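Asks: Below is the structure I would like to discuss, written out as structure tokens.
The values are calculated or read from the model by the stated rules, or taken from the named source; none is laboratory data. All figures in this text were calculated on a predicted structure; none of them were measured in a lab. All Cβ positions, glycine included, derive from the backbone under ideal geometry; neighbour counts span all protein chains shown.
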Amino acid sequence: MPAWQRPNWTDPKAHQEALEGLPLSQWRWQWIRRHADYERDFNGLTGAALKPAGPCSELRLKKAGGLREKYGLEWLPDPAVDWVPPDVTGRPTVDVHVTLDLDRVQAQHDDGYAILAVDLTRTESDITESVKRLVLNEKAMQEIAEPPRQRNEWVTYARVLDADATGATAKAIADHISKDPIRAKVVTESDVRTWLKRGLELQRAAIATSRK
């Protein structure tokens, strides 16, 4: 699998197309994969990558080992994978996951529900345990989630994190985002620093929820 390419932060549509409308469970993964050390740490793990069967066959996982506390994950997903099941933190057997129908999922999440797909070839105890992990992860993300209107800014926070990862200055980021057609006002360097700070806070919170 090719290395992960972050969306082009200078393109005003790139992050909208990649991130807009994601359920909370997927935002958790988006924050974790953007940790400054994550890709390097994943590539540095020497163990063989495992690939779960079934609907998550594109997923590549490596045993976290000494990195478990750092990311709150027992298995680290390949950062190049865009979609990660919410219950992947426990083990590389994915029994239950949120369906990929993102439009329906988003509508259900707004009302406090999630649509699940279940692998009926698994035992009842395995399915029950996976559902429990998924529910705990979803509730943990609900605790750090902002109201939907504020959550719309998460795409901007992720964009700023990606821009910062390239070494772009706050001024360069502000200048680019100010040119977005949807922006009604000029973006300042202070705005950029605030968004970067908030993105890092959400990243830390997402990792903290993984440790629960």
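Asks: Taking interchain pairs and intrachain pairs at least six residues apart, which have beta carbon atoms under 7 angstrom, with the first residue in the range 188-207 and among the β-branched types (Val, Ile, Thr) and the second in a loop (DSSP other than H, G, I, E, B) and surrounded by 15 or more Cβ atoms within 10 Å (Cβ to Cβ)?
Replies: Note: pairs meeting the criteria are Ile207/Gly72.
Asks: Sort out which residues of the range 117-164 are among the small types (Gly, Ala, Ser) and modelled with pLDDT under 70, and write them in order of number.
Replies: At the first step, the residues of the range 117-164 found to be among the small types (Gly, Ala, Ser) are 117, 125, 130, 140, 145, 158, 163.
Across the range 117-164, the qualifying residues are Ala117, Ser130, Ala140, Ala145.
Asks: Could you tell me which numbered condition Ile182 fails, if it satisfies all but one of (1) assigned to a loop (DSSP other than H, G, I, E, B); (2) modelled with pLDDT under 70?
Replies: (2)
Asks: Pairs, please: C-beta under 6 Å, at least 6 apart or cross-chain, first residue touching a residue at least 12 places away in the same chain (Cβ under 8 Å) and in the range 1-26, second charged (D, E, K, R) and in a helix (DSSP H, G or I)?
Replies: Filtered contacts from the range 1-26: Arg6/Asp162; Trp9/Arg159; Trp9/Asp162; His15/Arg159; Ser25/Glu138.
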